[in-house]
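Everything on this sheet refers to the single structure shown next.
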């Protein structure tokens, strides 16, 4: 999906009051930001769920943009430790441009302006990976990022809106990602007001993501939609 760019891999921007946070700036983020008139120089922080390139490919250029090429020392980076120390994806020189770096940990809580980001549990994925509970003045957004399904997930995510990365068409494969069936099971327990499916694998895409969202909505009883490029969602 990333190599063919059937859907863009340009990340997600949270706008909460005057706070702007970029999550998982994958390949093409800088282009998608320009296309959708998002001023990256206004970002207050960049957050990586994990170091894989489909989530971090544009991290360095986004830091450059956030800091006006390093001429303004500003902005935070939140990321797992292995994004910095083990075959790092964040280059050394751009780290000096930031006003701070905070390492994500299981059970962590991080404040950016009036927004609080929690990383409640480490996910089951080949590298250090976290999902998020994002508390804003308008409500809470939970984002279940890349992971194999495990029962404790339902205990840790409780947002009014729930984003779920749905990569696999079927469960039971030896791949640490969520399937359509896993998403159904999660939503039956979490019961958010709305769910958004994203990060589709090729098999899910070929089924038709709107049809997949409809199927999960029918099975879970939750209002479910499929993410599209440039989607804006109000909380």
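The values are calculated or read from the model by the stated rules, or taken from the named source; none is laboratory data. Everything numeric in this text was worked out from a predicted model, so none of it was measured. So basically every Cβ, Gly included, is an ideal-geometry build from the backbone, and we count neighbours across all protein chains shown.
Structure above, values below:
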{"quantity": "Subset of the range 148-162 (residues that are in contact with a helix residue (DSSP H, G or I) (Cβ under 7 Å, 6 or more places away or on another chain) and either outside any strand (DSSP E or B) or modelled with pLDDT under 95 (or both))", "calculated": "149, 153, 154, 157, 158"}
{"quantity": "Of the criteria (1) touching a strand residue (DSSP E or B) at 6+ places or on another chain (Cβ under 9 Å); (2) in the same structural domain as residue 178 (by TED's automatic domain parsing); (3) surrounded by fewer than 13 Cβ atoms within 10 Å (Cβ to Cβ), which one residue 114 fails", "calculated": "(2)"}
{"quantity": "Given (1) assigned to a loop (DSSP other than H, G, I, E, B); (2) within 23 Å of residue 22 (Cβ to Cβ); (3) in contact (Cβ under 8 Å) with a residue 24 or more places away in the chain, number of the condition residue 232 does not satisfy", "calculated": "(3)"}
{"quantity": "Selection within the range 187-209 - closer than 27 Å to residue 52 by Cα, in a helix (DSSP H, G or I) and more than 20 Å from the chain's Cα centre (by Cα)", "calculated": "203, 206, 207"}
{"quantity": "Residue match in the range 163-183 (condition: over 25 Å from residue 52 (Cβ atoms), touching a residue at least 24 places away in the same chain (Cβ under 8 Å) and not in a strand (DSSP E or B))", "calculated": "no"}
{"quantity": "Unmet criterion (only one of (1) closer than 23 Å to residue 166 by Cα; (2) under 15 Å from the mean Cα position of the chain (by Cα); (3) not assigned by TED's automatic domain parsing to the domain that holds residue 186) for residue 144", "calculated": "(3)"}
{"quantity": "Residue in the range 13-29 that is farthest from the chain's Cα centre (by Cα), counting only those that are in contact (Cβ under 8 Å) with a residue 60 or more places away in the chain and surrounded by 19 or more Cβ atoms within 10 Å (Cβ to Cβ)", "calculated": "16"}
{"quantity": "Which listed residue is buried (at least 17 other Cβ atoms within 10 Å of the Cβ) and in contact (Cβ under 8 Å) with a residue 12 or more places away in the chain, from 146, 160", "calculated": "146"}
{"quantity": "Residue 172, sole failed condition from (1) more than 23 Å from residue 223 (Cβ to Cβ); (2) at pLDDT 95 or above; (3) touching a strand residue (DSSP E or B) at 6+ places or on another chain (Cβ under 9 Å)", "calculated": "(2)"}
{"quantity": "All strands (runs of 3 or more DSSP E) inside the range 30-107 with 1 or more residues being over 16 Å from the mean Cα position of the chain (by Cα) and surrounded by 15 or more Cβ atoms within 10 Å (Cβ to Cβ)", "calculated": "76-79, 100-103"}
